[in-house]
Amino acid sequence: MNESLSKVPGIDLSIEDAPETIAGPVARPRAWEFGTKTRAGRHLATLCTFVERLCAVVLALDVLVVFTSVILRYFVHHPVDWAEEVARGLMVLLVFLGGATVLARGHHVRIDFFCALLPRTWRAPALQIGGWVVAGTAAGLAYSAWLLLEDAANVTTPMGLPQWLNVLPVLAGAILMTAVGVANAITGATRSTWLTFAGCVMAASAVWGWNTFLDQFSIAPWGLLPTGFIGGLVLGVPIAFVLALAALLYFISDPSLPMIIYSQQVMAGMDHFVLLAIPFFVLAGLVMEVNGMSTRLIELLVRIFGRVRGSMNLIAILATAFFSGVSGSKLADIAAVGGIVVPAVRRTRQDPNETAAVLAASGVMAETIPPCINMIIIGFVANISIGGLFLAGIVPAVVMALALAIMVVIFGKKVDPRTAFATRKPLLRLLGGALVALVMVIMIGKGVTSGIATSTEVSAFAVVYALVVGGLAFRELTPRAIAGLLVRAASMAAGILFIIAAASSVAFALTILQIPAMMSAGMLALAHDYGRVAFLAVSVLIMIVFGAVLEGAPALIIFGPLLVPIAVQVGVNPLHFGTIAVTAMGLGLFSPPFGLGLFATCAMTGTRVEDVSRRMIKYLVLLAIMLVLLILVPEVSLWLPRHFNMA
C-alpha cells in the first residue's frame, strides 16, 4: 500500500495511510522534500524536526488548556477568562510553524491533474516553477508579517499581553516556509532549475515594471487574482499556496491596500476559538484508531453481516459512517476503514476497485455526519449554529447510507467471512471496542446538541476520553505512540487550518472587489425569475465544481459567506442550505476526473483511478438523486433540528 501512495502524483497521505498506522505502531513520516545530502539540508531537517515536535507539544498544551477550562467551568464553577485567548494563541503557533513542516514533508494538499495535461517536456519545468512560486509566496507573507509585527509593537491583547506574541509565529512560520520552499526548489538542481528561477524573476519584474511605469495600461488587480489562481493550479502548487498566491498578487497590485493587511487577513482567517475543534477531533479519531478500535469494530461487523450479499462493501459503508462520528476528517476515516477492509476484500477474493468506489461514495455520504470538519467550517464562516448543522446532517446521511447499502447488496456477492481476517479475536474484545467507541460518539453528539458546551470544548473532552478510557480499555497506547499521534495530528491540523487561513485572504480580496454584492444581485434575480430551487441548483453546481478543483475547505470559506445570506433572503433555511452545500462539495471532492478525494481513496487502497471511476458511476448517479431529494424536500435535513428546537 505504501508503494501505491507514491504512484499518485501530488497526493501523499502517508501520515494517515496503511494498516500499521491504525492498529499498530505509528508510521514513520515521509522524508523531507529537500533531502539531507548537504550540510544546509541536514541543518534545515534538524530545525524542521524540532519544529514538528514543538507543534505536537503545542497541540497537547492546547488540549490541556481547553480541557482544564471545561473542568473549571462546568464542574468547579470557576471559569477562567484567559483560556480562550491562550488557546487561540497556541493555535496560531501550531498553524504557521506546522504549515512549514507540512511543506517540508510534502504533505500539503495539491492537484497535479492539470499539470499532467501539459506536454511531457513541459512538466518538469512547470513543477520547478511551482517550487519557486511557493518560495516567493512564503517570502511575500514573511514581508507582510514583518510589517504587522512592527505595527503590533505597542499593542496589547484583551488579556494584557503584547500583541506581537501572536504575530511572531506568523513571521517565524513564513520565514521557515520560505527557507523550505527554496530548499525544495533547488534540491537536485540542474541548469533548468536556475533557468526557471530566472524566468520567474523576469516575469515578476516585467509585471511590476509594467504596472509601475505604464500605470495607465496597468494590469488590474482583479485580473492578477484569477491569473495567479489558475496558474498555480496548472503548475501543481499546493492548494494553500495557490490561494495565498492569488491574494498576494491582488494586494501587491492594488496601491490602495497596504501590504500589512495581507498577513492580517491570513492570520485572522484561523484565529478563532471554534476552529480548534478541527485539530481536536482529528486527534481524538487518530487515538481511537491506534487503540485498535477500528479493527475491532470492523471485525465485529464482519461477524454480524459477513454472510449478507455484498457484505464487505456494506461493512465499508457502515464503518465509514461510524468513524465519521469520531474523527471529523473524511480522508482519515477512509484511511482507517480502507486500511482494514481492502485487505479483507482481497482475502475474500472480491474486487478491490468496487470497494474503493464504495469507500469514495461513502466519503460523500459521511460529509454531513457530525463532527464533520466541513460542517464546522461553513458554520464558522457563515455564522450558522454548528450544533444545528450537526443535527441537520444526520438524517440526510442516514438516507444516503441506506441507498448505498441497498445498491451494494443488489450488486454484491456472498463471501465466506471466516477468510476475511488472518486471525479472529474473541467476541468479548470486539464488543468492548465497539462499546467504548459508541460511548464516545454519543458523548460528542449529546455535548454539542444539548448546548451545554461548545464544539471545541466537546472535542477537547473527546481527546481526553480517547486517551484515558481508550488507553485503559485496550492497553495498546505507549508514550512513544502517543507522541507519534500528536505529531501526526498536528501535521494534519496545520495543513487543514493553513488552507483556511489562505482562503480567508482570497475571500477578503473578493469582498473588496464587490464580488459578493454582484453575486448576490445575480442570484437574487435568478431566484426571483425562476424560484429558489433554481438558486439551489446553481449553488450546488458551484460547490460541486469548486469542491473538486479546490478541495472542501477553501470552497466553503470562499462561497459560504457569499451564498448563505442570499439563501436566507430567498427563504431557504441556513441549516438546510449548509447541508446541501457540504453534500454538493463532497460530491465534487470524490468525483472523477480530478476530485482530490477520489485520488486519495485510490492511493490509500492501492487501486487505479480509471478502474475505480468506471465502477463509481452508478454510486455517483445514486448520490446525485439523493442530493436532488435533499433540495426538493427540506424536511429531510430540518426535521431533527426542529425536534430539538435548533432550526
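The values are calculated or read from the model by the stated rules, or taken from the named source; none is laboratory data. Since the model is a prediction, treat every value here as computed from it, not as a measurement. As a convention, Cβ positions derive from the backbone with ideal geometry for all residues, glycine included, and neighbour counts pool all protein chains shown.
Values for this structure:
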| quantity | calculated |
| --- | --- |
| Residue list for the stretch 36-71, restricted to those being farther than 17 Å from Ala100 by Cβ and among the aliphatic types (A, V, I, L, M) | Ala60, Leu61, Val63, Leu64, Val65, Val66, Val70, Ile71 |
| Residue match in the stretch 426-449 (condition: outside any helix (DSSP H, G or I) and modelled with pLDDT under 75) | no |
| Some residue of the stretch 158-167 being in contact (Cβ under 8 Å) with a residue 60 or more places away in the chain, crowded, with 20+ Cβ neighbours inside 10 Å and over 23 Å from Val58 (Cα atoms) | no |
| Residues that are among the basic types (Lys, Arg) and either assigned to a helix (DSSP H, G or I) or under 20 Å from Arg642 (Cβ atoms) (or both), drawn from the stretch 342-391 | Arg346, Arg347 |
| Residue count, the stretch 278-317 (criterion: hydroxyl-bearing (Ser, Thr, Tyr) and not in a helix (DSSP H, G or I)) | 0 |
| Options Gly339, Gly325, Gly292: the member that is surrounded by fewer than 24 Cβ atoms within 10 Å (Cβ to Cβ), closer than 24 Å to Arg475 by Cα, at pLDDT below 80 and not hydroxyl-bearing (Ser, Thr, Tyr) | Gly292 |
